[in-house]
Amino acid sequence: MGSRSRGRRARPPADGGRRAARETGRARLTRRGRIAVWTGGVLAVALIGAAGAGTWIYQSLDGNIHGADLDGKIGGDRPVNSSPGSKNILVVGSDSRDGDNGKYGKGLSTMQSDTLMVMHLAANREWATVVSLPRDSWVNIPSCDQGDGSTSKPHHFKINESFAIGGATGKVVDAAACTIRTVEQNTGLRIDHFMSVDFQGFKGMVNALDGIEVCPETAIHDKKARLDLEAGCQTVKDEKALGYVRTRYSVGDGSDLGRIGRQQEFMEAVAAKAQEKLTSPGALYGFLDSATKSLTTDKELAGIKPLTSLANEIKAVPSDRLTFLTVPNYPREADVPTDKANVVWQYPQAGNLFTAMARDKETDKEKLEADTENPVYAATVRVQVLNGTGTQGRAAEVAETLRTAGFTVSSVGNAPESAKRTTVGYPQDLRAAAEVLASRLPGSAARQDAAATPGVVTLTVGEDFQALR
């Protein structure tokens with residue numbers, strides 16, 4: 001298995017439970033570890049240049065990076081950037097089923113996203129927030145160009161399907177466009193930059209470092225991840241390294257939240273060991289060569305110079321102001337008993353988080369975690385849907401959308417008068433329930449209404465009604 005790494009070990013949650021997985025997902029990384037995770041080794045490239053490395057090395061690495069021209073591919077109706085100077089960067093761990101990646105996930109013929117994160121870099125560069133979006137998040141997938149001239153229909157499904165829809169023809173640029181469109185419509189955030197890291201490049205990075213030490217508490221046998229590991233500390237590389245960060249169903253409760261925690265800890269270990277290898281030009285070049293070959297970005301970031309500039313901006317963020325979060329969520333089974341595989345974002349907390357990011361406001365991590373302790377499930381929210389648009393059947397259409405999302409629809413009908421704006425009214429005792437619904441309807445707000453029907457939240461569908469988040 002190779003010698004034990006002197007770098008940081010990657011340890012999975014000891015008890016494997018959902019709470020432990022959530023705690024692991026919130027683990028604090030070292031400052032150097034956080035920076036290296038997000039820059040894919042670009043800071044190390046800058047260090048090589050400072051040490052007087054040959055120009056050919058810089059040119060070789062620079063030429064490895066793939067640039068994706070997203071102009072005109074994402075579509076219209078995009079959120080505006082309400083905080084000029086700030087940056088929202090979408091990072092995807094790409095699980096393409098073509099070529100060398102074809103052995104992972106039998107029966108799948110399209111590109112997949114295995115990891116999805118949004119980093120918000122504040123306009124003043126004094127803080128940053130990184131939010132992980134579980135791949136099993138049940139969200140609205142908007143209509144997307146599938147890259148072959150056809151267009152998909154909007155529907156609800158796992159968020160990672162957006163990468164597969166756009167990448168139906170195997171082009172990362174199309175996969176990225178649909179993923180950006182999906183993330184923007186479900187979060188309200190304007191995505192400024194995009195990065196995609198391919199599985200095979202990840203394996204090359206680990207191999208260049210002579211493997212990474214992991215310490216599973218119990219044996220892991222996962223056919224889907226092509227992984228067989230005994231319990232105890234050991235060094236992994238090649239397929240075992242990929243399997244370790246991909247394994248899910250054979251560890252703990254099988255949730256994607258647990259996998260997010262393992263991936264973050266593994267990448268921390270990769271970053272720590274990469275720092276050790278700075279004095280070994282051969283190993284470092286192999287690491288950087290694999291990192292840059294596996295990287296696809298939007299055209300503005302496609303190069304060592306812009307990536308290094310971004311890395312330096314991240315490096316300037318104080319270590320205690322770089323926050324890692326997972327979007328507040330709970331098992332969708334609480335709303336839809338037959339769905340035991342997905343999670344839904346917890347509202348209004350998720351909406352508040354995204355609104356804060358959009359307004360360039362730093363999130364209080366401890367307060368957010370405290371606010372998520374007692375979720376109000378959509379299934380407990382009883383909704384009366386009234387049609388204020390004058391379009392026949394509109395209330396019934398919206399009611400069906402709400403039912404699909406897990407809400408309990410008590411009745412449908414027509415509003416007493418037409419409404420240009422969508423409103424959510426509630427009696428005094430249903431404020432929390434109303435906020436859950438309103439936070440999932442872009443542009444709407446919950447308002448107490450003395451004339452509201454007792455026991456239900458009243459949704460009046462206006463002409464501005466948008467798809468449920």
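A short reminder: the numbers here are calculations on the coordinates, not readings from a lab. Quick caveat: nothing in here was measured; it's all calculated off a predicted structure.
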Requested in this report: Go through K223/K340; K240/K293; K158/K305 and tell me which ones have a Cα-Cα distance over 26 Å in this structure.
Outcome: K158/K305
Requested in this report: Name the shape class, rounded, prolate or oblate, that the alpha-carbon gyration tensor gives for the range 360-431, where a ≥ b ≥ c are the square roots of its eigenvalues, rounded holds for a/c under 1.5, and otherwise prolate holds if a/b is larger than b/c and oblate otherwise.
Outcome: prolate
